[in-house]
Amino acid sequence: MDTSNPAVFVNAELLRLYVGRRVRAVIQVLRSDGGVVTGKSTDDNQILVKGSPTSPLSKFVEVVGIADGEKSIHAEIWTNFGDTFETHTYNQLCQLANGEFKHMFL
């Protein structure tokens, strides 16, 4: 596993802390309009994801890319997570990965 350029686990609230850095987030796809996907983050806030997925998107998608704004990511990697996903648990993971246990994730 390549650890030279880790991606921070984020939700929409945490995204603003990492503008210009590599992040990963899971979103529920709300709509896709020509290179911009609007999604609901695991904390129930919206994120815009820029880029072109290589395949049709499922309802839940993990994106890895550069946070290019307080509420947007320029995606490099799109991974379909299917039509059901436990958003509350992932949101707790984001909180842990950016809080007391941050040293374990980066």
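The values are calculated or read from the model by the stated rules, or taken from the named source; none is laboratory data. Bear in mind that the values here come from a model prediction, so they are computed numbers and not experimental data. Note that we place each Cβ from the backbone using ideal geometry, even for glycine, and neighbour counts take in every protein chain shown. Accessible surface is based on the protein model in full, side chains and every heavy atom, while ligands, DNA and RNA are left aside. Shrake-Rupley method; radii C 1.70, N 1.55, O 1.52, S 1.80 Å.
Regarding the chain, what's the average projected area of the Cα-atom convex hull, expressed in nm²? Walk me through the intermediate numbers first.
Details: hull surface 25.6 nm².
Averaged projected hull area, Cα only: 6.4 nm².
How big is the dipole moment of the chain about its Cα centre under a simple scheme where the beta carbon of each Lys and Arg is +1, that of each Asp and Glu is -1, and everything else is neutral? Debye, nearest 20, please. Don't jump to the answer; show the numbers that get you there.
Numbers: 10 positive and 12 negative charges, 37 e Å.
Its charge dipole is roughly 180 debye.
Give me the extension gain from Arg22 to Lys71: residue separation times 0.36 nm, minus the current Cα-Cα distance, reported in nm with one decimal. Can you show the working numbers first?
Details: separation 49, 0.36 × 49 = 17.64 nm, distance 1.38 nm.
In short, 16.3 nm is gained.
Accessible area per residue for segment 1-101 in Å², computed with a 1.4 Å probe and the full protein assembly in place, what is it?
I get 55 Å² per residue for segment 1-101.
List the residues, sorted by chain then number, that are 5 or more residues from Asn45 or on another chain and whose placed amide H is less than 5 Å from its amide H.
Ala12
If I fit a long axis through the Cα atoms of helix 87-97 and take the longest principal axis of the Cα atoms of the chain, what angle between them do I get, 0 to 90°, rounded to 10?
40 degrees
Using a ≥ b ≥ c from the Cα gyration tensor of segment 1-51 (square roots of the eigenvalues), is it rounded, prolate or oblate, where a/c under 1.5 gives rounded and otherwise the larger of a/b and b/c decides, a/b for prolate? Can you show the working numbers first?
Working: a/c = 2.10, a/b = 1.55, b/c = 1.36.
Taking the square roots of the gyration eigenvalues as a ≥ b ≥ c, segment 1-51 is prolate.
Residue by residue, what Karplus-based ³J(HN,Hα) values in Hz, rounded to whole numbers, does segment 39-48 have, using 6.51, -1.76 and 1.60 with θ = phi - 60° and x for Gly and Pro?
With coefficients 6.51, -1.76 and 1.60, one gets x, 9, 6, 5, 9, 6, 9, 8, 10, 9 Hz.
Excluding ligands and nucleic acids, what accessible area in Å² is computed for His88 using a 1.4 Å probe, to the nearest 10?
110 Å²
Calculate what fraction, in whole %, of the accessible area of the chain sits on carbon and sulfur atoms when a 1.4 Å probe is rolled over the protein chains. Walk me through the numbers on the way to the answer.
Details: 3040 of 6010 Å².
Roughly 51 percent of what the probe reaches on the chain is carbon or sulfur.
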